[in-house]
Amino acid sequence: MSTTSPARLYALAVGVLLVAAGVIGFLYESSFTSDASVRGSVFGVLDVNGWHNVVHIATGLLGILAARTLASARTYCLVFALVYLVVCIWGFVVGNDGSVLGIVPVNTADNVLHLLLAGGGFAAYAASAPRREAGAARPAMS
């Protein structure tokens, strides 16, 4: 990336981390089931199953692709933050050892991580103002 912004850096870094988390998650649990008794705990902390891993890989790949331009990175940061905030709130509502949409297992550690990811997404979006178009009119000074 020749020109960097917080949004592009966030999209790329989070994208790579989520893809890695999804792949690692499959080493702990790869079942595609909604059965609460079938979930692995990555590093003994974060609950996962096959669906959770796919979500991580998909949102990670989207981040990597979005990091290519400032506009797409900003959009990714905002949408990602909104979605992960909703997932976080949903997770806190269903409680420890609950699930989102009945298929993606979450626990308190997952919810806190989702909250931190959402906060980072909002911060990266806000810190990456859109660029002005070349030759755009500048406000007149009085």
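The values are calculated or read from the model by the stated rules, or taken from the named source; none is laboratory data. As the structure is a computational prediction, the values presented were derived from the model and not from experiment. Note that we place each Cβ from the backbone using ideal geometry, even for glycine, and neighbour counts take in every protein chain shown. SASA here: full protein model, heavy atoms, side chains in, ligands and nucleic acids out. Shrake-Rupley method; radii C 1.70, N 1.55, O 1.52, S 1.80 Å.
Quick notes on this one:
- Residue match in the range 128-136 (condition: at negative phi and modelled with pLDDT of 80 or more): yes
- Those residues of the range 60-85 which are closer than 13 Å to Phe122 by Cβ and crowded, with 19+ Cβ neighbours inside 10 Å, in sequence order: Arg74, Tyr76, Cys77, Phe80, Ala81, Tyr84
- Residues satisfying the stated conditions in the range 92-110, i.e. closer than 13 Å to His52 by Cα and open to solvent by less than 40 Å² (accessible area, probe 1.4 Å): Gly98, Ser99, Val100, Gly102, Val104, Pro105, Val106, Asn107, Asp110
- Failed item in (1) within 13 Å of the chain's Cα centre (by Cα); (2) buried (at least 22 other Cβ atoms within 10 Å of the Cβ), with Ile57 passing the rest: (2)
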